[in-house]
Amino acid sequence: MGGIVAIDAAGPRGGVAVLDAAGETRARGFVEGRPGLIETLPVLLQELLAAAALEVGAVAVTVGPGSFTGLRTAISLAQGYAAAAGLPLLAVTVGEAFGQAFPESQRALWVALRARKGRIFLIRDGQAESFEDEAVPRPRRPVALAGDAANEVAARLAAIGADVLLTNARGLDPVWVARAALAARAAGRPAARGPAALCRSAGSEAARRHDRGDRRVRRVIRATVAHAAAMAALHEAAFPAAPWTAESFAVLLGQPGVSGLIDERGGMALLRVAADEAEILTIGVTARRLGIGRALMLAALEVARAAEVTAMHLEVAAGNVAARGLYAALGFAVVGTRRAYYADGADALLLRLQIASPIF
C-alpha cells in the first residue's frame with residue numbers, strides 16, 4: 001500500500017500534502033486561493049510529488065462545504081490526477097478533516113466558516129447548516145470551536161453562558177485531509193463516485209452560496225500541457241458518456257495552433273487555429289446558468305482574433321437548445337448537418353462565424 005496525496009481548496013487558500021503509508025508527512029505546501037488557483041494548484045501538486053519521492057496509492061480531496069471556485073478546482077485536479085495514475089479517489093468533508101486536528105478531544109467539535117457577510121456555515125455532528133450570525137444556536141453540551149469564523153462564534157456563545165473551548169485551528173491543513181481519508185479507507189469506506197456526480201454533490205452547497213450573492217469576478221485562463229489532467233476531469237464531468245483522457249488532452253495541447261481554456265467555475269474549451277480559420281474541438285461546462293459557456297466562447301474568439309483568424313467553425317448537437325442559443329447570439333450560422341454524428345445517434349449541426357470584425 002502506497003502513500004496518499006491530499007488536495008484542498010475549500011477555504012481561502014489551496015493546499016497539498018503527501019503522506020507515506022505510515023501516515024507521516026513527506027511534503028506539504030500552500031498557495032493563495034485567488035487569483036489564479038487553477039494555475040498554481042497543479043504546479044504545487046507536481047512540485048510536492050517530486051519532493052516527496054514516494055509511491056502514491058490513493059488521492060484525497062475535500063468536497064465541502066467551502067469556496068465554490070476552490071472546490072471545483074481541487075476536485076477537478078484530484079479527479080484528473082487519480083484517473084491518469086489509476087488511483088482510488090477518496091472524498092473528505094471539511095468537518096472530517098478538521099476532526100483529525102483533535103482526534104483525542106472529549107468535546108464535540110463545531111467548525112464555523114464564514115459563508116458571506118452576516119452568515120456562517122456551522123458544521124456539527126457531520127451536518128453543515130447556514131445561520132445568520134446572531135442566530136447561531138447555543139450548544140447543549142461542551143464544544144470546541146475551529147474554523148475561520150471560530151473567534152466570532154466563540155465570543156457570541158460565551159456571552160450567553162455556553163461552555164466553549166476556542167481551538168487554534170483556523171484554516172484547513174491538507175495533512176488533516178489525508179489522515180481523514182486514511183481513516184475512512186481503514187474503516188472500509190468505498191472510493192468516491194464518478195466525476196460528474198462528485199462535482200455536483202460536492203459543489204451543491206457552494207453553488208447555493210454563489211447564487212445567494214457571494215459573486216466575484218471570474219477568469220478564464222489559458223491551459224498548458226500541465227493542465228491536461230484537469231481538463232480531462234472537466235470534460236468527463238461535462239460528458240460522462242464520452243470522456244476524453246488526460247493523455248489525449250496532453251497530446252492536443254502540445255500541438256501547434258491548439259489552445260486550451262479553463263473557466264475556474266467549471267468549464268473547459270479546446271480550439272485549433274490553422275491558417276486563417278479556427279475550430280472549436282470541444283467545449284463543456286459542469287454548471288449551468290452561470291455564463292461559463294459564453295465566457296469560454298468569448299475567450300476563444302479573443303485567441304482567434306489574436307491569430308488573425310477570419311472564420312470559426314464548430315459542431316453542436318441538433319437537440320442542444322441552450323448551446324445553439326448561445327452560438328446564435330454570438331453570430332454563428334448553420335452551414336451544414338452531419339447525420340447520426342454522435343454516439344447516441346443525434347445529428348450534428350455545422351456552424352460558422354465570420355469574425356473579421358468584432359461582434360461584441
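Which of the GluC sites (Glu not before Pro) found in the stretch 1-69 are in a DSSP loop and have at most 14 neighbouring Cβ atoms, other than their own, within 10 Å?
Values: sites: E24, E32, E39, E47, E55; in loops: E24, E55.
In loop regions of the stretch 1-69 (DSSP not H, G, I, E or B), the sparsely surrounded GluC sites (Glu not before Pro) are E24, E55.
Calculate the length of the line joining the C-alpha centroid of the stretch 277-313 to that of the stretch 12-54, in whole Å.
Spelled out, the Cα-based centre of one part sits 31 Å from the other.
Could you order peptides 9-19, 132-142 by the average number of other Cβ atoms within 10 Å of their residues, highest first?
Result, highest mean Cβ count within 10 Å first: 9-19, 132-142.
Helix 292-306: angle to the longest alpha-carbon principal axis of the chain, degrees 0 to 90, nearest 10?
Once rounded, the angle reads 50 degrees.
Peptides 251-262, 68-79: what's the order by average Cβ count within 10 Å, highest mean first?
In decreasing order of mean packing, 251-262, 68-79 become 68-79, 251-262.
List the GluC sites (Glu not before Pro) within the stretch 232-332 that fall in a DSSP loop (any state other than H, G, I, E or B) and whose Cβ has at most 13 other Cβ atoms within 10 Å.
Hits after loop and neighbour filter: E308.
Hey, what's the Kirkwood Rh for the stretch 236-309 if you take every pair of different alpha carbons, in angstrom?
Final number for the Kirkwood radius of the stretch 236-309 is 12.8 Å.
So what's the angle, to the nearest 10 degrees on a 0 to 90 scale, between helix 195-211 and the longest Cα principal axis of the chain?
Around 80 degrees separate the two axes.
Roughly how tilted is helix 174-186, in degrees to the nearest 10 and between 0 and 90, from the longest Cα axis of the chain?
That helix lies at roughly 80 degrees to the long axis.
Expressed as a whole percentage, what fraction of the accessible surface of the chain belongs to carbon and sulfur atoms when a 1.4 Å probe is rolled over the protein heavy atoms?
It is 52 percent, rounded to a whole number.
Averaged per residue, what accessible area in Å² does the chain show with a 1.4 Å probe, protein chains only?
Result: 45 Å² per residue.
If the label point is 7 Å along Cα→Cβ of L281, which residues in the stretch 307-327 have backbone nitrogen under 15 Å from it?
Of the residues in the stretch 307-327, 313-315 have backbone N under 15 Å from the label point off L281.
Nearest 0.05, what FRET efficiency do A135 and V335 give at R0 = 56 Å with Cβ-Cβ as r? If you can, show how the numbers build up before the last one.
Values: r = 58 Å, r/R0 = 1.03.
Computed FRET efficiency for A135 and V335 comes out at 0.45.
Give me the dipole magnitude in Debye, nearest 20, for the chain about the Cα centre, with unit charges on the beta carbon: positive for Lys and Arg, negative for Asp and Glu.
Values: 39 positive and 33 negative charges, 197 e Å.
Value, rounded to 20: 940 debye.
Give me the Kirkwood hydrodynamic radius of the stretch 18-62, using the inverse of the mean 1/r over all pairs of distinct Cα atoms, in Å to one decimal.
11.5 Å is the Kirkwood radius here.
Mind listing P(r) for the stretch 95-150? All alpha-carbon pairs, 5 Å bins, whole percents.
Here the calculated profile for the stretch 95-150 is 4, 20, 33, 25, 12, 5, 1.
With +1 assigned to the C-beta of every Lys and Arg and -1 to the C-beta of every Asp and Glu, and no other charges, what is the dipole magnitude of the stretch 1-58 about the Cα centre in debye, to the nearest 20? Provide the component values of the computation, followed by the final result.
Working: 4 positive and 7 negative charges, 30 e Å.
Dipole about the Cα centre, nearest 20: 140 debye.
Using every alpha carbon pair in the stretch 244-360, what percent of pairs falls into each 10 Å bin from 0 up to the bin containing the largest distance?
Percent of Cα pairs in each bin: 13, 44, 38, 4.
For the stretch 87-199, restrict the atom set to alpha-carbon positions and state the Rg and Dmax in Å.
So, for the stretch 87-199, Rg and Dmax equal 15.1, 49 Å respectively.
What number in nm² do you get for the chain if you take the convex hull of its Cα atoms and divide its surface by four?
On the way: hull surface 77.1 nm².
Projected area, direction-averaged: 19.3 nm².
The values are calculated or read from the model by the stated rules, or taken from the named source; none is laboratory data. Given the structure is predicted, the values throughout are model-derived calculations rather than measurements. In this analysis, Cβ positions are derived from the backbone assuming ideal geometry, glycine residues included, and neighbour counts consider all displayed protein chains. Surface accessibility is based on the protein's heavy atoms, side chains included, excluding ligands, DNA and RNA. Shrake-Rupley method; radii C 1.70, N 1.55, O 1.52, S 1.80 Å.
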